[in-house]
Amino acid sequence: QVQLAESGGGLVQAGGSLRLSCAASGRTFSSYAMGWFRQAPGKEREFVAAVNWSGGGQYYADSVKGRFTISRDDAKNTVYLQMNSLKPEDTAVYYCAARSAGGTYNVMATYAYWGQGTEVTVSS
């Protein structure tokens, strides 16, 4: 079992940056692929980014490609989402997720563990 806790959300102006962190419990963190999803008010949860278990593969939604970077530090059991050039449309609750199963990285159902989320608000 993996428990996940996100942090780093907040209020930022458009064009600014934030770095989200997701701390994981458990000794098998390095065996999990990790993902970030987000849910804006009144919208469905959507894929943002994922990193595979080795950290050698990163995957991004088209809407954030070139602006967001996902990374992991297995020594700290933590995955990060560096968000640059933020836009008002990035406003959402951001969730961290972990999976050991295979499949397409942007599919929510492939992730077994979820955090509680951290809120990001980008003002125009």
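The values are calculated or read from the model by the stated rules, or taken from the named source; none is laboratory data. All figures in this text were calculated on a predicted structure; none of them were measured in a lab. Neighbour counts run over all protein chains shown; Cβ positions are idealised from the backbone, glycine included. With ligands, DNA and RNA removed, areas are computed over all heavy atoms of the protein, side chains included. Shrake-Rupley method; radii C 1.70, N 1.55, O 1.52, S 1.80 Å.
Below is a table of values for the structure above.
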| item | result |
| --- | --- |
| Karplus-derived HN-Hα couplings along segment 11-17 (A = 6.51, B = -1.76, C = 1.60, θ = phi - 60°), whole Hz, x at Gly and Pro | 9, 9, 7, 4, x, x, 10 |
| GluC sites (Glu not before Pro) restricted to segment 1-96 and DSSP loop, no more than 10 other C-beta within 10 Å | Glu44 |
| Within the accessible area of segment 22-124 (1.4 Å probe), percent carbon and sulfur | 47 |
| Centre separation in Å (Cα based) which lies between segment 1-56 and segment 73-124 | 2 |
| 10 Å binning of all Cα-Cα separations within the chain, expressed as whole percents from 0 upward | 14, 50, 30, 5, 0 |
| Candidate lysines - alpha carbon under 24 Å from Lys87, same-chain residues fewer than 8 apart omitted | Lys43, Lys65 |
| At R0 = 41 Å, FRET efficiency that the Cβ-Cβ distance of Lys65 and Arg27 yields, to 0.05 | 0.80 |
| Per residue accessible area in Å² of the chain, where ligands, DNA and RNA are left out and the probe is 1.4 Å | 51 |
